[in-house]
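This report concerns only the one structure given below.
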């Protein structure tokens, strides 16, 4: 049951990766990669539920912390370039 | 299995299913919407709510206090940081795009007294 949700989330990650591949601007790709990473965090938590290991949750906590810093740095340093090309 | 355990299990599965539906809606929005800002609108709202539902549902389904506490910590952290990250991306996207073809009204541009891209000294 939970594994079905995990597989669905992997399919949704593939759908968002289409946007990462074809996105017209760079910040489209960053937003789609942000969505993929959040769904990967959820997948870590659900795998921890399936395998009954709380170690997956620590990985998910650290991953979400790093993701937040990542996105802020991307948004800060990609702001003033001409990204429409 | 007592009645309370059955009710908790049903509630957990319902929350996980609802969160998965929100993730599906987010994926459809991020693939189908026409503009970067509307795609961000879909992804941040859908993922904040969807991740919150799935994490709380997983915490309920696990049945252990340590697991549930950590999932609720992750959910609270996502509710704090996901809108901030989306706001940062939207601000950068607004300021770095020369034209916004889908935008009918652009009051912030008039407030800034500019058209198009921001130069380095306008921060």
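The values are calculated or read from the model by the stated rules, or taken from the named source; none is laboratory data. Keep in mind the model is a prediction, meaning the values are calculated, not measured. Counting neighbours? That spans all protein chains shown, and the Cβs are built from the backbone with ideal geometry, glycine included.
For residue A:43, state whether it is more than 8 Å from chain B (Cβ to nearest Cβ) and under 23 Å from residue A:75 (Cα atoms).
No.
Using the structure shown, decide if residue A:61 is on the phi < 0 side of the Ramachandran plot and buried (at least 19 other Cβ atoms within 10 Å of the Cβ).
Working: on the phi < 0 side of the Ramachandran plot: yes; buried (at least 19 other Cβ atoms within 10 Å of the Cβ): no.
So residue A:61 fails the test.
Go through the range B:26-56 and give me each residue that's surrounded by fewer than 16 Cβ atoms within 10 Å (Cβ to Cβ) and in contact (Cβ under 8 Å) with a residue 24 or more places away in the chain.
Answer for the range B:26-56, where residues must be surrounded by fewer than 16 Cβ atoms within 10 Å (Cβ to Cβ) and in contact (Cβ under 8 Å) with a residue 24 or more places away in the chain: B:34, B:38.
Checking the conditions here, which among B:19, B:59, B:12 is in contact (Cβ under 8 Å) with a residue 12 or more places away in the chain, more than 11 Å from the chain's Cα centre (by Cα) and closer than 16 Å to residue A:60 by Cα? Break it down stepwise before answering.
Working: B:19 fails: closer than 16 Å to residue A:60 by Cα; B:12 fails: closer than 16 Å to residue A:60 by Cα.
Being in contact (Cβ under 8 Å) with a residue 12 or more places away in the chain, more than 11 Å from the chain's Cα centre (by Cα) and closer than 16 Å to residue A:60 by Cα holds for just one of B:19, B:59, B:12, which is B:59.
Within the range B:84-91, is there a residue that is more than 8 Å from chain A (Cβ to nearest Cβ), at pLDDT 90 or above and within 18 Å of residue A:30 (Cβ to Cβ)?
yes
Residue A:57 - would you say it is without any contact (Cβ under 8 Å) to a residue 24 or more places away in the chain and more than 10 Å from every other protein chain (Cβ to nearest Cβ)?
no
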